[in-house]
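Undergrad: Let me begin by handing over the structure; questions about it come next.
The values are calculated or read from the model by the stated rules, or taken from the named source; none is laboratory data. If you're wondering where the values come from, they're calculated on a predicted model, not measured in any experiment. With ideal geometry, Cβ positions are generated from the backbone for all residues, glycine too; neighbour counts draw on all protein chains shown.
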């Protein structure tokens, strides 16, 4: 009898202790969940500040989010906390990069990349941002005679210790090792190789870009990239940053529009350029309007009618029963001949 009572007492104590442990675990889990929600809310505010280019306030908020997150970066055992730290460090690095603070930028890129169990695509994105950050810092130094900046001397010393271009190339190369089908990585790898006079290597990188994506844009306006495209008989979009002057004196956006404007002039079509359309569902402009025939003429820098804006415009002309014609990127192979065909009903 006594033994039963003693056993019952110990059993009740054991059960109570087990229940206390469960209650404590539930409380800790609840607190951790609440802290995670709070940290994620703060990070969302920081993301908005980053989007608005308010970099210093964004960094403050990102650091607050890390402070109240219930795990530290050396306690991560699960994917969700790892992803939180990865994205936050990446965002902090972007803020520092855009403030020309290369030291803190690289430090936080590396913190993000040091985390394990992060998807390959996300890691490639960080390597891309890190590489571009090095390129940006090198460009900043090249233009330093034109500007004054508190970070300038620090950046110069850092570039002396480790070449920004070398590390940019390492970052872009790392992406091509992770994902050999990443055209952007091959492009910036080739861009960096050109800067440091590795011309043969750059040509191979650009060959890879073009084999992956023939229409990849020449974002850095690299002459050899366009030349390789021409060598492969691929249409090259002309650099339209300065505009093109037509026979009528109009300044148009690209070479294709210049050919169209000059064709209209040579065939006695009086036209208005970049005219606002007031009857459409939303504000937009037409490339060319020929009042005599009430004809709207568009040129789309796309290969096929698969662009949202293109489809929307063509639908607007059809629904509003307007006379219209259009040319596309493919017509640029012989734009004048395409115009003769498309405007044959209006040519005298």
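Undergrad: Regarding region 275-288, can at least one residue be identified that is loosely packed, with under 12 Cβ neighbours inside 10 Å, without any contact (Cβ under 8 Å) to a residue 60 or more places away in the chain and on the phi > 0 side of the Ramachandran plot?
TA: No, region 275-288 has no match at all.
Undergrad: Yes or no: residue 236 closer than 30 Å to residue 271 by Cα and either surrounded by 14 or more Cβ atoms within 10 Å (Cβ to Cβ) or at pLDDT 90 or above (or both)?
TA: Judged against the criteria, residue 236 is a match.
Undergrad: Only one of these conditions is not met by residue 310: (1) at pLDDT 90 or above; (2) surrounded by 15 or more Cβ atoms within 10 Å (Cβ to Cβ). Which number is it?
TA: (1)
Undergrad: Can you go through 255, 219, 232, 189 and tell me which one is more than 30 Å from residue 167 (Cβ to Cβ), touching a helix residue (DSSP H, G or I) at 6+ places or on another chain (Cβ under 9 Å), in contact (Cβ under 8 Å) with a residue 12 or more places away in the chain and not assigned by TED's automatic domain parsing to the domain that holds residue 337?
TA: Going through 255, 219, 232, 189 in turn, the sole match is 232.
Undergrad: Okay, next question. Among the residues of region 17-39, are any within 24 Å of residue 104 (Cα to Cα) and either within 53 Å of the chain's Cα centre (by Cα) or at pLDDT below 90 (or both)?
TA: So far as region 17-39 goes, yes, one or more of its residues are within 24 Å of residue 104 (Cα to Cα) and either within 53 Å of the chain's Cα centre (by Cα) or at pLDDT below 90 (or both).
Undergrad: For residues that are assigned by TED's automatic domain parsing to the domain that holds residue 260, in contact (Cβ under 8 Å) with a residue 40 or more places away in the chain and loosely packed, with under 15 Cβ neighbours inside 10 Å, tally how many sit in region 326-348.
TA: So the count comes out to 2.
Undergrad: Given the options 86, 134, name the one that is surrounded by 15 or more Cβ atoms within 10 Å (Cβ to Cβ), touching a helix residue (DSSP H, G or I) at 6+ places or on another chain (Cβ under 9 Å), over 24 Å from residue 48 (Cα atoms) and at pLDDT 85 or above.
TA: 134
Undergrad: Shifting gears a bit: Just a yes or no: is a residue in region 272-280 touching a helix residue (DSSP H, G or I) at 6+ places or on another chain (Cβ under 6 Å) and under 28 Å from residue 340 (Cα atoms)?
TA: Yes, that holds for at least one residue.
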